[in-house]
There are 2 protein chains.
Amino acid sequence: MSPSVPNTPLDYAAAGVDYSKIDPLKILAQQAARSTQGNLAAHGVTEIPASRGESAYVMEVGGVLIASITECLGTKALVADAVRAITGRTHYDSIAQDTIAMAVNDLITVGATPLSVHAYWSAGGSEWFADEARMRDLVNGWQRACDVCKVSWGGGETPALAGVVEAGRIDLAASSVGVIPSRDRLTLGDKMADGDAIVLLASSGIHANGVSLARKLAERLPEGYASKLSDGRLYGEAVLDATTLYVPVTEALFAAGIVPHYSANITGHGWRKIMRHPTDFTYRIHTLPSVPPVLSFMQQHAAIDDREAYGSLNMGAGFALYVAADRADEVVRIAESLGVPAWVAGRVEAGPKQVVIEPLSLTYTADELHLRL
Amino acid sequence: MSPSVPNTPLDYAAAGVDYSKIDPLKILAQQAARSTQGNLAAHGVTEIPASRGESAYVMEVGGVLIASITECLGTKALVADAVRAITGRTHYDSIAQDTIAMAVNDLITVGATPLSVHAYWSAGGSEWFADEARMRDLVNGWQRACDVCKVSWGGGETPALAGVVEAGRIDLAASSVGVIPSRDRLTLGDKMADGDAIVLLASSGIHANGVSLARKLAERLPEGYASKLSDGRLYGEAVLDATTLYVPVTEALFAAGIVPHYSANITGHGWRKIMRHPTDFTYRIHTLPSVPPVLSFMQQHAAIDDREAYGSLNMGAGFALYVAADRADEVVRIAESLGVPAWVAGRVEAGPKQVVIEPLSLTYTADELHLRL
C-alpha cells in the first residue's frame, strides 16, 4: 500500500449508506405490500406467495406465470461522470448495460425468461439530454444489452426533474417483465437439497455493487480514478466494466433441460447472498475464483479484511446456481461456452444457515443476512 | 389580480422544462426500442406493434395479452415538502396515490386491468427514510391506492442515492403490469369512428401535471403556498389533492360490457392530448367542466390565456373516453355512480386532426402535439 494513502478501513457506513435507517421502511412496506395480495382474486389471478421475498414477483395470469421487477442502478453513473474527464469516453454504454443487468439478473433467479424492459432515465434537468455523445452511448448500450438478453425494449420515461435529481446527474432504473413457461421452471427454492452443487459464475468486476466504497476510495487515492491497477488499467475504467448479463446462461441451461434448484444474484451483501435461500442450509465453499484486479485493489487500498470484502463485494463471483451434483460439470461447460467463466465452488449441506468459505477460514452465519420479514 | 403579483406570463420554458432538449433523445430511444422487437420471436412471444406510441406496451404471451409500463411522479413531492411547513401534514399519502395514478391511468388506456405495481422510491440519502410520519404516510397511501385499484403491490426498490438525488428529496416512480383478457378489449384506436362520443372524466385538481408551473407561481405569490383560493382553501393544499384513480371506472365499464373505442389520459399537453389517437379525426368539444379552483387560480395568477391553460393543464378533465354515441349516457352514469363526475363533452368527426373547443373558440391543430416518431 502506498504510504500516502491513509489505512483507515473504509466501510459502507463511512461510504454513506446506513441500512439501519432504511430497514424499518422496508419492513413496513413489505407488510403493506403483502396485505394487498387479496386484490388479485377479483381478477381471477393468483400470486405465487413464495415469490415475495425472492428477487422477482410472480403471478399466474390465465395459466401463464408472469414475473416482474423494478431495479435501480444506484450511483455508478457518478463514476462514469468522473472518469469521462480522464478517458474522454462517456462510459454510458456500460452504464446502460449495468442498469439492465440489475433488473434481468434478478428476474432470472426465479426461473423466468425476460421478455421486455422499460427504461427509467430521470435527469436533473433537460440539459442532461443535450449532451449528444452521452445520449447516444446510453441509447446504444441499452439497445445492445436488450439484444444480448433477447428482450424487447418496450418503452420508458425520460423526465427532467430539476430540484429532485441533482443538476447534471441522472437516476437510472429498469423494470422488466418475464415469463416462466411451466411450473417446473419456477425456481423458488423448493427443489434445493443436501448434496446439491454450488456453481458460481464469474463477475466482470464490481458490477454495480460496492460503488459507494469505490467512490469513497477514489477520493482518498492520490491519483483518484487515474490510479493504476496491477494489470496496468486505470482504476476508474475498471470500476466501469459493465455488469455481466447472465440471461444467455440461464436460457442455455433451460434449453439443455437443466433447471437450477435455486439461484442467487450476488449483489449487495456479497457472498452472504449465497445463503439467500428461504430455509436453512449450510453452503460449504471449497474453490475460490481469481479476484478481478479492481476488487483486489479496492480491498487493499480500502484496508478491509476478507470478512468485510467477501461480505460486501462479489470478489469475482456474480451469480450462484444451485444444481443437482450430477449436472454441475455440464452447467460449467454451458456457461463457459458462452464466455462466462464458471466453476463448481462448493456444495449445499443439511445444517444451520451459514456460508463456510473454507479456503479463507471464513464463516457467515444466518444473523448476518436479513432479507425477509 | 393582486397588484403586487407581476403579470408576466409564466410558461413551461420559464418553469424549467425544455422539451426541445429532450425530444431528440426520445426519438433516438424510440427508434432503438423499436429495433429490439425481433428479440421476442426467440421466445414465441409477439408484441402488439400498435401499442408502441400508445401509453402502455402490450405483448401476447402464451395467448395472454400482457401490458406493462413505468411512469414517474415528476416534481410534485417538492410541493409536499414545502406545504408540510404550513399544514404540519406530510401529504405523502397523496403523493403515493399520485405516483400510482401516473402508471395505472396510463395502463388502462390500452384496455388493461392493472394487476400489480412495483414501487421505485429513490431517496437522496438514507436519512430520508428515518422521518417516520412521512414514511408511514407514503406506505399507507401506496397501499390504499393499490386497494382502490385492486392491484397487488408486488415489490419495489428503496435506494438511498446521495449525489444522484438531491439531499432530503425523493424520486418516485411506479411500474405496473396488467392483463387484457381478450383481443376485443385491446384498445389501440382501431374501433374509433366518426360520430363517437367524447366522455370526459373530471380531474381532482392539477393531478401531477403542471407542477413546475405551480411551483414557479408559488415563488412569486406574496403568500406562496399559503395563498387562499376562491373556495377558502390554501393554494398549496389544493395543488396536493391526489390524482384521481380511474381504474374503478374502466373496470366498471368492462363489467357492463362497454369497451371504449379509445382512451386518453390527460396529462402533459393538457387538452391537446384529446387528439392522441394515431390517425386523423376532429374532436369537437361542446361542453366544458367547471374548472377546479386551483386551476382557475393558476391560470389567473400565472397570467396565461385559455390557449396556454387548456393546452398544458387538465382544466378539470383528467381522462377522455371515446365511446359509441348510444352508450355515452351509460358511461357517464357508471362513472358518476363511482363518485367520478363525468359528462358527454363532444363528438369525434371525420376530418383533420384537431381539437375544437367551441365554448372557448379555441382550436389545437395536429402540429401542436408530437407524441410519435
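With the charge dipole of chain B set up from +1 on Lys and Arg Cβ and -1 on Asp and Glu Cβ about the Cα centre, the Cα lying farthest toward the positive end among the listed residues B:HIS91, B:THR279, B:GLY210 is that of B:THR279. Dividing the summed helix terms, -39500 (n - 2.57) for each DSSP H run of n ≥ 4, by the number of residues in the protein assembly as shown produces a 222 nm estimate of -9000 deg cm²/dmol to the nearest 500. Per-residue mean of foreign Cβ neighbours for A:122-135 is 5 (Cβ atoms of other chains, 10 Å radius). With a Förster radius of 35 Å applied to the beta-carbon distance between B:LEU338 and B:ARG136, the computed FRET efficiency rounds to 0.80. Expressed to the nearest 5 percent, the antiparallel share of DSSP beta bridges inside the range A:38-185 is 75 percent.
The calculated FRET efficiency for B:LYS26 paired with A:ALA255, based on their beta-carbon distance and R0 = 22 Å, is about 0.05.
In this rough spin-label picture, where each label sits 7 Å from Cα along the Cβ direction, the A:ALA226-B:GLU358 distance is 7.1 nm. Note on A:52-61: average number of Cβ atoms from other chains within 10 Å of each residue's Cβ is 4.
Residue by residue along B:179-188, Cβ atoms of other protein chains within 10 Å of the local Cβ number 1 on average. Dipole of the range B:286-373 computed with +1 at Lys/Arg Cβ and -1 at Asp/Glu Cβ about the Cα centre; of B:SER361, B:HIS301, B:TRP343, farthest Cα towards the positive end is B:TRP343.
Projected label points at B:GLU349 and A:ARG233, each 7 Å from Cα along the beta carbon direction, are separated by 6.5 nanometres.
Here r is the Cβ-Cβ distance between A:SER290 and B:TYR19 and R0 is 41 Å; the resulting FRET efficiency, rounded to 0.05, is 0.25. For the range B:197-368, the square roots a ≥ b ≥ c of the C-alpha gyration tensor eigenvalues yield an a/c of 1.5 or more together with a/b not exceeding b/c, which makes the shape oblate. As a fraction of the 1.4 Å probe accessible area of the range A:66-112, surface on carbon and sulfur atoms comes out at 45 percent.
Among the chymotrypsin sites (Phe, Trp or Tyr not before Pro) found in the range A:312-349, not one is both in a DSSP coil and sparsely packed, with 12 or fewer other Cβ atoms within 10 Å of its Cβ.
Percent relative contact order of the range A:202-332, based on C-alpha pairs within less than 8 angstrom and at least six residues apart? 38 percent. In a simple Cβ point-charge model (Lys, Arg +1; Asp, Glu -1; nothing else charged), the protein assembly as shown has a dipole of about 20 debye relative to its Cα centre.
Packing, as the average of other Cβ atoms within 10 Å across residues, places the peptides B:267-280, B:22-35 in the order B:267-280, B:22-35, highest first. Does the protein assembly as shown classify as rounded, prolate or oblate by the C-alpha gyration tensor (a ≥ b ≥ c root eigenvalues; a/c under 1.5 gives rounded; else a/b over b/c gives prolate, otherwise oblate)? Since a/c reaches 1.5 and a/b is larger than b/c, the shape of the protein assembly as shown is classed as prolate.
A:TRP343 sits among other residues whose Cβ lies under 14 Å from its own Cβ, and their net charge, with Lys and Arg +1 and Asp and Glu -1, is -1.
Of the beta bridges in the range A:252-373, as assigned by DSSP with both residues counted there, near 70 percent are antiparallel. Going by the alpha-carbon gyration tensor, a ≥ b ≥ c the square roots of its eigenvalues, is the range B:156-296 rounded (a/c under 1.5) or, if a/c is not under 1.5, prolate (a/b greater than b/c) versus oblate? Oblate. Charged neighbours of A:THR282, selected by a Cβ distance under 11 Å, balance to 0 (K, R count +1; D, E count -1). Computed from protein heavy atoms with a 1.4 Å probe, the total accessible area buried between A and B is close to 6400 Å². Computed over neighbours whose Cβ is under 10 Å from that of B:ALA208, the net charge equals -1, Lys and Arg +1, Asp and Glu -1.
The values are calculated or read from the model by the stated rules, or taken from the named source; none is laboratory data. This one's a predicted model, so the numbers in the text were calculated from it and none came from an experiment. Every residue, glycine as well, gets a Cβ built from its backbone with ideal geometry; the counts of neighbours run over all protein chains shown. Ligands, DNA and RNA are excluded from the accessible area calculation, which covers all protein heavy atoms including side chains. Shrake-Rupley method; radii C 1.70, N 1.55, O 1.52, S 1.80 Å.
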